[in-house]
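Okay, structure first, notes after.
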Amino acid sequence: MREFFRAYDVPEADASLFRARQLQSLLSATPIAMAINVGNALLVSRVMWGQIPSIVLVTWTALVFVLAAVALRGWQRARTLRPRRTASRRAHQRAEAQAAMLALVYAAVPMLFMPEVDLGRQLVLALVTTGLICGGGFVLSSLPWAATTFVSIIGAGGLFGIARSGMPGGPELVWLLLTCCLIVVYSAWVQARMLGARMVAEVKADRQSEVIALLLRDFEDQASDLLWELDVEGRFNSVSQRLAKVLGLGMETLGKPGALAKLGERVPETDDARAHWESFTARLDTLEPFRDQVVSLRAGEEERWWSITARPLFDERGEPSGWRGVAADITEKHLAHRSLSWLAHNDALTGLVNRSQFRASLRGLLQGPPSALQPLAVVAIDLDGFKQVNDTQGHAAGDQLLQAFGEKLLSVARRGDTVARLGGDEFAVLLRGVTSTEAITAILQRLLVALEVPCEVAGRLMLVRASMGVAVAPTDGADVDTLMSHSDIALYTAKRSGGSHFCFFHQALAEAGRRRAAIREGLRGALERGELCLEYQPQVSAVDWKVEGFEALLRWRHPELGSVGPGDFVPIAEDAGLMTEIGEWVLREACNDAAQWPRPVRVSINVSPLQLSSSAFVERVLAATAALPPSRVELEITESALIADADSAVLILNALRGRGYLIALDDFGTGYSALGYLRHFAFDTLKIDRSFVSDLVRDGEAQIIIEAILAMARALSMTTVAEGVETETEAEMLRARGCALLQGYLIHKPLPAAQVSTFLVDWEQGRLGRCVASAAADDALAASIRA
């Protein structure tokens, strides 16, 4: 039992330290504990008011306030003084006495009040008492005797009050309260012993650290430095065996004239090491004391670095007689410094030059007048679809992809070129001595060819695609910032061209770059300012011209830039990470508008690749489209949304389709592998790109492609929508070939949201012109097509 009621067993010198820590732990909880005590006192007074004489309640509450004030005063004093390192037993006894006094005041509550009040207030008093036992035991657990005293006194008061109250179930409550007191006391001592064990371990660890530090210091004093003395003939005096061993030369050799020159033969054949040695010998010639001169020497196969401090020696006539000094082995420090220096100039993931070093190299080549600059080119490179890989397959796969791409860049770069990773998926190559665009093109073509070979990432083969922008000096700029800015502008143009492509900068792109920067800046906050809005273009049946749905088209009207088309600002929004927020707004706004239409027609909403790559996309769609049934919502995606990770995209699309949403493949036929995606996922709708529709009348190949698309859609039970229908001839040719829905200016231009309902009513009532051909004309046209 005595072992249980002992928090720690240490000498008095350590016990005083432990007592100070225990008191400090208690003081840190004092403000909140006293605030709770005051709150409890006010609660009890309020509940008991009218049941207990007011003078008794006021007196009792005042006692609690006084004890709380005393405790807070002690806490405040401890804050203003320096933290105490030791504490006496008397300090502990004072804390225990304060806890006992507070417990006596609270114990009076159940003892005096509980027999005098009704059952409801008795329950309140029982709860307050139980809470004080548990809370007090927890707060005072760093002082286990104080916790034991506090819990015992309040517990005794509670037991006495319950016994006198005549409450229903009194014996059971007495048993529960007694059990609670025992558990809290037991827990307080367990906690105290754990704290004591931790403090004992910390003291032992501190003492062991002191011993280890002394041993290490002694070791360094005895073994890390070398004393040496050199005469004017380059001979080492008083050579020790340790010095000979470290320098890698025999004692006899070191004791002969010219030993210093012999030692110079052990300097590593590197520019850095030779420069340090030459600096060292030059200092010996000056006859001036020096400190911390770095020298590198080989000892066998190992290279060691030394920091040398020395002063010259003079004979009795004042003539120089040699040198005496000390050499400290700094090999580990030098290697660490060299590693840090490498990290300061190189990318840790790929080993390529980093942004800072790349800019420094470029700045060095651009020094001097523009007329004297050697021709060079800056190639800015960005991985296509890297974010999707990083988001869907994890950062480890993204890191492997970056490393693989860095290796491909090094494989095609020439010896004098600088290859850098600027950050994220941004790379750059500094091409020296390139005198023509043909030479640059040849290098970049080699890179594109190398990228055609898949690389292994996360256990699977993956094609790496990249876009490149080129700026040539001094034609496109003669300073670092201009060249890199112009290469970024050309890079953006290459990405807009579809990726896996390179583009040279020219002045016409500069204005586009400035406009793109203005668009990027203007997009931030465009939603909050109410600059974005939706327009709706109708989609009608090619057979009976009944309106089947509308496509929601995003519009942006900027006060300075004017009306900016989606083709201009959507890619910029995706690059800036704004498309997810804008896309959710489009989904929500389109569904809210469609819910107001007089007929339950479908609304088609475009989804960006960035939205589809998010694992939370399904939940976002469900939240944004709550205003409409899923069967009225059609989500349009493009092939680019499927390129990065088709498997993940198909899982998301299947989840949406399983909830009743319709899925459309937009701009079908313009990509590289759209047919392959139809094998993985059964789309509800195929949208024929407007480029095929505009060539339909005059281009036989366009007719064949459209016929093939329509035949395939019928075989796969998919609805077809032709975009960009502008003439009656186009509409009739599409209808005759079996296209289901038509969309374009022939039907109507995009409508503001407020005009859609009116349009639907007018269209249904025939007040708007319709492109309806007679049945005979239809049959004749169909016959001519078949012929």
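Once you have the Cα-Cα distance between ALA512 and ARG620, take 0.36 nm times their residue separation minus that, and quote the gain in nm to one decimal.
Full extension from ALA512 to ARG620 adds 35.5 nm.
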Completion exercise
Rounded to whole Å², per residue accessible area for the stretch 34-129 with a 1.4 Å probe reads 60
Practice task
Work out the FRET efficiency for ARG555 and LYS333 from their Cβ-Cβ distance, taking R0 = 60 Å, and round it to the nearest 0.05.
Solution key: 0.40
Handout entry: Beta bridges per DSSP with both ends in the chain, % antiparallel, nearest 5
Key = 70
Problem - Dimensions (Å) - the stretch 454-573, Cα atoms, principal axes, largest first - result: 61, 47, 28
Practice task
Along Cα→Cβ, 7 Å out, is where each label goes; now give me the distance between the ones at LEU43 and ARG90 in nm to one decimal.
Solution key: 3.8
Fill in the blank from the handout: Measure of exposure for CYS180: accessible area at 1.4 Å probe, Å² rounded to 10, is 30
Practice task
Give me the number: length gained by fully extending LEU72 to LYS546, i.e. 0.36 nm times residue separation minus the C-alpha to C-alpha distance, one decimal in nm.
Solution key: 162.6 nm
Fill in the blank from the handout: Residue separation between ASP481 and LEU176 times 0.36 nm, minus their alpha-carbon distance, gives in nm 102.1 nm
Problem - For ASP384, residues with placed amide H under 5 Å, excluding near neighbours - result: ARG465, ALA466, SER467
Handout entry: Residues in the stretch 691-721 reached by a label modelled at ALA682 [backbone nitrogen below 14 Å; 7 Å Cα→Cβ]
Key = 713-719
Practice task
Could you work out the equivalent-ellipsoid semi-axes for the stretch 233-289, taking the square root of 5 times each eigenvalue of the Cα gyration tensor, largest first, in whole Å?
Solution key: 20, 15, 9
Exercise for the section: List, in order, the whole-Hz ³J(HN,Hα) value for each residue of the stretch 324-337 obtained from phi through the Karplus relation with A = 6.51, B = -1.76, C = 1.60 and θ = phi - 60°; use x for Gly and Pro. Expected result: 9, x, 10, 10, 9, 6, 10, 4, 5, 5, 5, 5, 5, 5
Completion exercise
For the stretch 145-153, in residue order, the Karplus 3J(HN,Hα) values (coefficients 6.51, -1.76, 1.60; θ = phi - 60°; whole Hz; Gly and Pro = x) are 5, 5, 5, 5, 4, 4, 5, 5, 5
Fill in the blank from the handout: Karplus ³J(HN,Hα) for the stretch 395-411 (6.51 cos²θ - 1.76 cosθ + 1.60, θ = phi - 60°; Hz, whole; x = Gly/Pro) runs 5, 4, 5, x, 5, 4, 5, 5, 5, 5, 5, x, 5, 5, 4, 5, 5
Practice task
Find out how many positive minus negative residues lie around LEU230, taking Lys and Arg as positive, Asp and Glu as negative, among other residues whose Cβ is under 14 Å from that of LEU230.
Solution key: +2
Practice task
Sort 431-438, 585-592, 752-759 for me by packing, meaning the mean count of neighbouring Cβ atoms within 10 Å per residue, highest on top.
Solution key: 585-592, 752-759, 431-438
Practice task
Take the Cα atoms of the chain, find their three principal axes, and give me the spread along each one in whole Å, biggest first.
Solution key: 113, 109, 47
Completion exercise
Given backbone amide H placed at 1.01 Å from N, residues whose amide H is under 5 Å from that of LEU635, ignoring those fewer than 5 places away on the same chain, are ILE605, LEU662, ILE663, ALA664
Practice task
For an R0 of 41 angstrom, estimate the FRET efficiency from the Cβ-Cβ distance between GLU438 and GLU581 and round to the nearest 0.05.
Solution key: 0.35
Fill in the blank from the handout: Pairs over 27 Å Cα to Cα, from LYS546/LYS749; LYS495/LYS687; LYS408/LYS495; LYS387/LYS749; LYS387/LYS408; LYS546/LYS687, come to LYS387/LYS749
Problem - Set of aspartates and glutamates near LYS204 by C-alpha distance (under 20 Å), chain-local residues within fewer than 8 positions excluded - result: ASP9, GLU12, ASP14
Practice task
Would you calculate a helix-derived [θ] at 222 nm for the chain, using -39,500 (n - 2.57) for each DSSP H run of n ≥ 4 and dividing by the full residue count, to the nearest 500?
Solution key: -17500 deg cm²/dmol
Completion exercise
Sorted by chain and number, the residues with a modelled amide H under 5 Å from that of GLU726, at a separation of 5 or more or across chains, are LEU746
Fill in the blank from the handout: FRET efficiency (GLU316, ARG274; Cβ distance; R0 35 Å; to 0.05) is 0.40
Handout entry: Ellipsoid equivalent to the stretch 218-354 - semi-axes via the Cα gyration tensor, in Å
Key = 31, 17, 15
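The values are calculated or read from the model by the stated rules, or taken from the named source; none is laboratory data. On a predicted model such as this, the values are computed, not experimentally measured, just so you know. Here Cβ is always computed from backbone atoms with ideal geometry, including for glycine, and neighbour counts include all displayed protein chains. The accessibility values were calculated without ligands, DNA or RNA, using every heavy atom of the protein model including side chains. Shrake-Rupley method; radii C 1.70, N 1.55, O 1.52, S 1.80 Å.
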